[in-house]
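Student: Have a look at the structure that comes next, please.
Every read-out reported here was derived from the displayed coordinates using simple, explicitly stated rules and does not represent laboratory data. All values reported here derive from a predicted model rather than from experimental measurement. Virtual Cβ from ideal backbone geometry, glycine too; neighbours counted across all protein chains shown.
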Amino acid sequence: MDPTIDPAFLRGLTQRRLSRRDLIRYAGVGAGALSLSSILAACGVKSSGAAGSQSTAGFDWASQTLHHQLNFANWPYYIDVSHGTHPTLDTFTQKTGIQVNYKPVINDNQAFYAKLKPSLEQGKPTGWDIVVITNGAQLSELIDNGWLIPLDLSKLPNFTAYASPAIKDPTYDPGNKYTVVWQSGLTGIAYSPKATAALGHEPTSLNDLFDPSVAGHVGMMSDNTELGSIGLLKLGIEPSTSTPDNWTQAAAVLQKQKDDGIPRGYFDQGYINQLENGNTWITQAWSGDVFIAQQSGYPELKFIVPDEGVMFWHDNMMIPVGAENPLDALTYMNYAYDPHVAALMANYIWYITPVAAAKPIVASLPGGKAVASSPLVFPDQAMLDKTHQYYVYKGTSDLDQWNNTFDPIITG
């Protein structure tokens, strides 16, 4: 392991990814589609189902003033750290006079949303001015209920100038009315030299996950959204526009793979350990995990975008209704899209930065050349052109049908 890399940082990143991906099985739930109450019930969390009394109607950005205070909730190990401080936050305070109360209190989307929901329903402030939520059910519920303050993009010139086209105007928030991306990631394939030797070629396709020559050494994900999506991509079907008939086709392909004894198992975050330990040679993988592994003692591991494409997910900054310091929050959002700021964060976080212009700056930072040259942090357009969006569930029966189609492969 590189002695300059904090093992707690590496460990924390992968732990954070596990808790988030547990909820990504509900990713892409569109506004007005699936009520979160049904999802929370399925997860054992009670929901009142009542809409909050707060409203964004008539919210006037022109009347807002800076309070020089910002309460910011984020995931652990998801911002730059140096000697126990966050340099980009310190610089932000120096430049603006805004004191930041930054807390890494989000460990998964659903649990954090469940903490916010009672305050939002009662029309009370949540205590946060910025929260970071993954695109999916919780974000859509916040939008549906009118629990997010619409952003004034005229006050986000850095976003307008520097945000990557790949993260602007997302399907889950058209026009970036409520959100701007914090960081993103890909779900593709990772492999070791053992897979290359067994296959007789460098892996390039999802078909390599189904090849008998690697039988017993293939890792598939236990997250049924990821598993179903990869089955659809293998068949050349766009997941976001797929139909129940398509799901049945994908499930048949995945079931045959299982019946043929090709997967070693269906893994959660442990898939990366299986690959590092040599138990699996090729696996479904999340881009950030592989880059972390490469920098922490496993440089032989590779991540690829297969010919059929990869899935693309995003974590987003947003301002909850009732935020006490909305202009301070918007000021920070604009600051985060400054390429120099984005570069400092990208050089620490190691997921896909939303600011492509940060790349040459990252390269000039200590230890930054490896980060700047990694397509897992700065994907090129060819890679981005091969990204796909998750299916948008259209109701609880839709979700049930997806679950009933793909869960038996994992649990049967």
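Student: If you average the alpha carbon positions of the range 351-412 and of the range 142-189, how far apart do those two centres end up, in angstrom?
Tutor: The distance from the Cα centre of the range 351-412 to that of the range 142-189 comes to 15 Å.
Student: To continue, here is another question. If amide H atoms are built 1.01 Å from N in the plane of the peptide, which residues on other chains or at least 5 residues away come under 5 Å of the amide H of N316?
Tutor: For N316, the qualifying residues are I133, T134, N135, W182.
Student: Right, next: Which trypsin sites (Lys or Arg not before Pro) does the range 325-412 hold that lie in a coil by DSSP with at most 14 other beta carbons within 10 Å?
Tutor: Listed in order of number, the matching sites are K394.
Student: Kindly rank 177-190, 98-111 from highest to lowest mean number of other beta carbons found within 10 Å of each residue.
Tutor: Top to bottom by mean Cβ count within 10 Å: 177-190, 98-111.
Student: Further, regarding this structure: Quick one: what does P(r) look like for the range 126-285 with 5 Å bins over all Cα pairs, in whole %?
Tutor: That works out to 1, 8, 15, 15, 14, 12, 11, 10, 7, 4, 2, 0, in percent per bin.
Student: Convex hull volume of the Cα atoms in the range 139-198, per residue, in Å³?
Tutor: Given the Cα convex hull of the range 139-198, per-residue volume reads 130 Å³.
Student: Using 0.36 nm times the number of residues separating A215 and E202, minus their current alpha carbon distance, what extension gain do you get?
Tutor: 3.0 nm
Student: Let me ask you something else. What dipole magnitude, in Debye to the nearest 20, does the range 88-208 give about its Cα centre under +1 on Lys/Arg Cβ and -1 on Asp/Glu Cβ?
Tutor: Using Cβ point charges on Lys, Arg, Asp and Glu, the range 88-208 gives about 300 debye.
Student: State the three equivalent ellipsoid semi-axes of the range 78-136, derived from the C-alpha gyration tensor as the square roots of 5 times its eigenvalues, in descending order and whole Å.
Tutor: Rounded to whole Å, the semi-axes are 26, 15, 9.
Student: Let me ask you something else. Work out the length of the dipole vector of the range 314-412 about its Cα centre, built from +1 on the beta-carbon of each Lys and Arg and -1 on the beta-carbon of each Asp and Glu, and round it to the nearest 20 debye.
Tutor: Taking the Cα centre of the range 314-412 as origin, the dipole is about 400 debye.
Student: Once the other residues with Cβ under 15 Å from the Cβ of F92 are scored (Lys, Arg +1; Asp, Glu -1), what is the net sum?
Tutor: After counting each charged neighbour, the total is -4.
Student: How big is the shadow of the Cα convex hull of the range 103-155, averaged over all directions, in nm²?
Tutor: Taking a quarter of the hull surface, the average projection is 4.2 nm².
Student: Ranked by Cβ crowding within 10 angstrom, fewest neighbours first, how are H201, H314, H388 ordered?
Tutor: H201, H388, H314
Student: Roughly speaking, what is the centre-to-centre gap between the range 192-226 and the range 232-291 when only Cα atoms are used, to the nearest Å?
Tutor: Centre-to-centre (Cα) distance: 9 Å.
Student: Here's a follow-up. Can you tell me how the range 217-291 classifies by the Cα gyration tensor, rounded, prolate or oblate, using a/c under 1.5 as the rounded cut?
Tutor: oblate
Student: Now for a different question. Let me see the P(r) profile for the range 304-412: every Cα-Cα distance counted, bins of 5 Å, each bin given as a percent of all pairs.
Tutor: 2, 10, 14, 13, 14, 13, 12, 10, 7, 3, 0
Student: First check a/c for the range 329-380, with a ≥ b ≥ c the square roots of the eigenvalues of its C-alpha gyration tensor; if it is under 1.5, answer rounded, and if not, answer prolate when a/b is larger than b/c or oblate otherwise.
Tutor: Note, shape of the range 329-380 comes out prolate.
Student: Further question on the same structure: Counting only other residues whose beta carbon sits under 12 Å from that of P193, what net charge do I get with K and R as +1, D and E as -1?
Tutor: Charge balance in the 12 Å sphere: 0.
Student: Cα atoms only: what Rg and Dmax, in Å, come out for the range 277-349?
Tutor: In order Rg, Dmax, the Cα atoms of the range 277-349 give 17.9, 51 Å.
Student: Right, something else. Counting pairwise Cα distances across the range 114-215, what percent come out greater than 21 angstrom?
Tutor: Across the range 114-215, Cα pairs with separations above 21 Å total 55 percent.
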